[in-house]
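Novice: Dropping a structure here in structure tokens format, bear with me for questions.
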Amino acid sequence: MSNTQLKYKDDEQAAGGTPAVARTITVAVAGNPNSGKSTLINAIAGTRLHVGNWAGVTVEKKEALFEFGGRKIRLVDLPGTYSLSPYSQEEIVARDYLVHERPDLIVNVVDATNLERNLYLTVQIMELGIPVVMALNIYDEAQEKGYRIDVKGIEEMLGVAVVPTSATKKTGLDELLKRVLDVADAGAGRAPRKLSYGEDVETAADYVAEALERNYPSLLERYPKRWLLLKIMEQDGQVLEKVNLPDQGFLEEALHHLKRAHGEDIESIMADVRYSLASGLTREILEKPELRQTELTEKIDRIVLNRFLGIPIFMAAMWLLFKLTFDLSAPFGEWIGAMTDGPFKRWASAILTPLGAPDWTVSLVNDGVIAGVGSVLVFVPVIFAMMFFITFLEGSGYMARAAFVMDRTMHSIGLHGKSFIPMLLGFGCNVPGIYATRTLENPKDKVLTALLVPLMSCGARLPVYVLFVGIFFPNNSSTVIWSLYIMGILLAVLMGLVFKRTLFRGEAPMFIMELPPYRMPSFSSLCVHTWEKGKHFLFKAGTYIFAVSVLVWFLLNLPWGVEHKRDSYLGQAGAAVAPIFEPVGFGTWEAASSLITGVIAKEIVVGTMGEIYAPKHGEEKKEIPTLQEDLKEVVTSFGEASVKAVKTLLYLPQPEEKEEDRGGLKLAIQGAFTPLTSYAFMVFVLLYMPCVVAIAAMRQEFGTWKWAGVGLLYQTALAWGAALIVYQGGRLLGLGG
Amino acid sequence: MNLAKLKPGQKGKITSIGSIGPLKRRLMDMGVLVGEDVKVLKVAPMGDPIEVSIKSYNLSLRKKEAEGIAVEVAG
Ligand SMILES: Nc1nc2c(ncn2[C@@H]2O[C@H](COP(=O)(O)OP(=O)(O)OP(=O)(O)O)[C@@H](O)[C@H]2O)c(=O)[nH]1
Ligand SMILES: [Mg+2]
């Protein structure tokens, strides 16, 4: 904390300023990774922070404000850490917050099924001299395992309040908050007990304390004293750099005896001392049942992590994911499609025409907005289904397993298995994938991983695949889509190899990761987090996809009165670029213009096609149904869609479908592409430059345009190359042009 | 004997931790300390990394690092 801030706080207290009751109490929520901190805050404050069953979900500090007992409380969710000597960027966030911002109180979330390792951090948190309340979380699982924990015992030995909680079952929360208020009101008097680290360490600490008091008294005002002493003794690089002691002679002297007595490096000595406190405490207060049953996690892992089956299972799981996503959501997508194509357009005309709106406005609404936004909306169910499954994978504990299984492969490209988690997240949306690279310890890994994340096929690309696959590969739809996802992964491996040889030479990083037990996410939490992930696609549809649709309509109709869309501004631009796509099989102005607009967001490729291929005015159907008929149609066809989805899920036979021509878009695309060129087109869409939001995220993460630029260039080149190989290779094999 | 050489299902006690690189401290923070009991649970499909159980949770690390952790086989 800076000096000025500290003064401000003191002044406030001295002046008696705001009465304690009105002040917002700032509570930092800290603990080991995956101990349930974010879940706890969600349960208490009704927030929807990202949670998942692996270590390193939260990567930045998040706040939640709420009231309890008439008091304002600010909960600060911190990334999990194993100790207060951080390695990765997100752990530094946590430690810096605790040390420099000095919250009023720390809620230490402890995983009750894993006491010893969690208490090791508790011991360090107590060094900070800030009042602590312990949430003994995941208490439900501990009880299921038959653990008996002496809660009073912990309170007595550590001198902190302890409350058993279950964030998922929402038990113990009120009690926790009551204790938080009690402790907050007691103020400094409730600072945790000072634990003794044994004679040798304490003698050395006293020696350092004296030296500091003598030579650098101002330091002790700025930092928590005991914490500072111990960090200086541990020779924590970051702390030493910050406090900048000109003469460290006294430190050598202080540590001399300690090292002589223990014959180890100081880091090991301190880790040992703290762990023996944690172990000693655990022995006193925890009773485990004699007989341990084989747990579900072991049983599942025996299959999922099997030496021979591990990788095939991973591939099969992904395939199944696409199959389910696709089958379940397709009927609803078709329903939305039919609605926007039929009733909505008719209603728009019915409303606008009597109002005296000129023809061109009706066309703007119908052929611009409804065709453009509608074409994208069709795929919202698919996107949500996809997000649902990703949320499930995150909550179940499979993420860490995927990292474990893939580590060897990732190692060969100079990364490690943990880099695979941002990539998996990238399947939902590349942007959180890029942010998730913060959990990687090494800056080089971060950049490399972030460069590869956009090769993971995100939800926004699904609409393109679904549209084309539905037209050209109706019988193997999921397999074709799956092949695109796999291609993304394989190309990421290939590009990783290339980057490793060129931009990122050097040692491969170490891989150390916790494998959490499998957990069954609750249905309600699945829904909440699916919505959290999916809603921004809806938001996008309502905002900039809407705006782009309008823009595209103008570009397609200007200069005013153009006969053919080909001669419009967009058509001319497309035609100018089209020759570039000649060798890869889709050198038409329509394809080129869609790709240009798709840079904003990849779903826009579909939106623009919807507008380009929208049937010309005047070719409308003969009979216009009444409003009532339309409404009935909307409801009944939704019912039919639901029935179809359920039947698909249960593998019940479906009635043969009449091949009804569904609007111009499909027909037009059927005329413009072949199966081969459509595949080349999908490959191009998969790979070509990341959308503007992803580029902005890279810029923000790395503070320079450099890596975003590298990503943009290499991906576009790769996209073209891959599409070329697909198209020309396919032709050589006689798959038709 | 070192941790990388234990077979799945075998248990051991850590006798020393060599200089296994920059993340030694991280391993210690996660409870990999001299005197600790470890059990190898699994080897990943492609032979690396391995999964061990330590201090009542499961940890995965690569064989290269595991080689620096000397163990005494127990049972
Ligand atoms: N059974 C049980 N599971 C819990 C409880 N609290 C959290 N979980 C689960 O534990 C996992 C981790 O929860 P998170 O809230 O993401 O953990 P975190 O501490 O925020 O983790 P990081 O952000 O990675 O540091 C999730 O799968 C939760 O559903 C609990 O009280 N009981
Ligand atoms: Mg979290």
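What follows is calculated from the coordinates using simple rules that are stated; it is not laboratory data. All of these numbers come straight from a predicted model, not from anything done at the bench. Don't worry about glycine lacking a Cβ; one is built from the backbone with ideal geometry, like all the others, and counts go over all protein chains shown.
Novice: How far apart, in nm, are the 7 Å Cα→Cβ label points at residue A:185 and residue A:218?
Specialist: Each label point lies 7 Å from its Cα, and together they span 4.0 nm.
Novice: While we're here: Could you work out, residue by residue across B:37-45, how many beta carbons of other chains sit within 10 Å of that residue's beta carbon, and then give the average as an integer?
Specialist: Shielding by partners across B:37-45 averages 5.
Novice: When a/c reaches 1.5 or more, the comparison of a/b and b/c decides; with that in mind, is the stretch A:495-612 rounded, prolate or oblate per its Cα gyration tensor?
Specialist: Here the stretch A:495-612 falls in the oblate category.
Novice: If R0 is 41 Å, what FRET efficiency do you get for residue A:643 and residue A:573 from their C-beta distance, rounded to 0.05?
Specialist: 0.40
Novice: Something else about it: Over the stretch A:199-262, how many percent of alpha carbon pairs lie in each 10 Å bin up to the one with the longest distance?
Specialist: Whole-percent P(r) values from 0 Å outward: 21, 61, 17, 0.
Novice: Give me the dipole magnitude in Debye, nearest 20, for chain A about the Cα centre, with unit charges on the beta carbon: positive for Lys and Arg, negative for Asp and Glu.
Specialist: Computed about the Cα centre, the dipole is about 920 debye.
Novice: Express in whole angstrom the spacing between the alpha-carbon centres of the stretch A:85-123 and the stretch B:1-35.
Specialist: 24
Novice: Please report the antiparallel percentage of the DSSP beta bridges confined to the stretch A:23-190, to the nearest 5.
Specialist: Bridges in the stretch A:23-190 that DSSP calls antiparallel: roughly 30 percent.
Novice: Stretch residue A:632-residue A:733 to full length: gain in nm at 0.36 nm per residue minus the Cα-Cα span?
Specialist: 31.4 nm
Novice: Along the Cα→Cβ direction, 7 angstrom out, place labels at residue A:706 and residue B:15. What is the inter-label distance in nm?
Specialist: 4.8
Novice: So which DSSP H runs in chain A come out at 30 Å plus along the axis (Cα) with average Kyte-Doolittle of at least 1.0?
Specialist: Flagged H segments are A:310-339, A:477-501.
Novice: So for chain A, taking the charge dipole from beta-carbon charges (+1 Lys/Arg, -1 Asp/Glu), which of A:584, A:157, A:196 sits furthest toward the positive end?
Specialist: Farthest towards the positive end: A:584.
Novice: Tally Lys/Arg at +1 and Asp/Glu at -1 over every other residue whose Cβ is under 11 Å from the Cβ of residue A:284; what's the total?
Specialist: The answer is -2.
Novice: Give me the net charge for the shell around residue A:460: Cβ to Cβ below 10 angstrom, other residues only, Lys and Arg +1, Asp and Glu -1.
Specialist: Value of the local net charge: +2.
Novice: Please work out the C-alpha center-to-center distance from the stretch A:440-519 to the stretch A:340-385 and express it in whole Å.
Specialist: After rounding, the separation between the Cα centres reads 35 Å.
Novice: With point charges of +1 on the Cβ of Lys and Arg and -1 on the Cβ of Asp and Glu, referenced to the Cα centre of the stretch A:23-190, which listed residue (A:113, A:88, A:25) lies farthest in the positive direction of the dipole?
Specialist: In the stretch A:23-190, that residue is A:25.
Novice: Would you mind counting up the charge near residue A:197? Only other residues with Cβ under 12 Å from its Cβ, with Lys and Arg at +1 and Asp and Glu at -1.
Specialist: So the environment of residue A:197 carries a net charge of -4.
Novice: Quote the FRET efficiency, to the nearest 0.05, computed for residue A:238 versus residue A:670 with a Förster distance R0 of 60 Å and r equal to the Cβ-Cβ distance.
Specialist: Computed FRET efficiency for residue A:238 and residue A:670 comes out at 0.45.
Novice: Per DSSP H run of n ≥ 4, the term is -39500 (n - 2.57); total these for the protein assembly as shown, divide by its residue number, and report the mean residue ellipticity at 222 nm rounded to 500 deg cm²/dmol.
Specialist: For the protein assembly as shown, the value works out to -17500 deg cm²/dmol.
Novice: If the only charges are +1 at each Lys and Arg Cβ and -1 at each Asp and Glu Cβ, what is the size of the charge dipole of the stretch A:181-314 around the Cα centre, to the nearest 20 debye?
Specialist: Taking the Cα centre of the stretch A:181-314 as origin, the dipole is about 520 debye.
Novice: Still on this structure: Is there a pair in A:644/A:666; A:535/A:602; A:145/B:55; A:323/B:63; A:231/B:55; A:62/A:446 whose C-alpha atoms are over 27 Å apart, and which pairs would that be?
Specialist: A:323/B:63
Novice: How high is the relative contact order of chain A, in percent, with contacts defined as C-alpha pairs under 8 Å that are six or more residues apart?
Specialist: Dividing the mean separation by the residue count of chain A yields 12 percent.
Novice: How high is the FRET efficiency from residue A:717 to residue A:290, r the C-beta distance, R0 51 Å, rounded to 0.05?
Specialist: Efficiency, rounded to the nearest 0.05: 0.20.
Novice: Past 28 Å, Cα to Cα: identify those pairs from A:152/A:194; A:418/B:42; A:259/B:11, in the order given.
Specialist: Result: A:259/B:11 exceed 28 Å.
Novice: From the square roots a ≥ b ≥ c of the eigenvalues of the alpha-carbon gyration tensor of the stretch B:3-74, which class results: rounded (a/c under 1.5), prolate (a/b over b/c), or oblate?
Specialist: Taking the square roots of the gyration eigenvalues as a ≥ b ≥ c, the stretch B:3-74 is rounded.
Novice: Another question, if that's okay. Compute the Cα gyration tensor for the stretch A:231-313, then decide on rounded, prolate or oblate, letting a ≥ b ≥ c be the square roots of its eigenvalues: rounded whenever a/c is under 1.5, prolate when a/b is larger than b/c in the other cases, and oblate in all that remain.
Specialist: prolate
Novice: Evaluate the distance, in nm, between pseudo-label points positioned 7 Å from the Cα of residue A:528 and of residue A:323 along their respective Cα→Cβ axes.
Specialist: Taking the two extended label points, one gets 3.3 nm.
Novice: If you don't mind, another one. Suppose we flag chymotrypsin sites (Phe, Trp or Tyr not before Pro) only when DSSP calls them loop and at most 12 other Cβ atoms lie within 10 Å. Which is the longest uninterrupted stretch of chain A?
Specialist: Formally, the longest exposed-site-free interval is A:1-307.
Novice: Determine the shielding of peptide A:262-269 by partner chains: average, over its residues, the number of Cβ atoms on other chains within 10 angstrom of each Cβ.
Specialist: Per residue, the number of nearby Cβ atoms from other chains is 2 on average.
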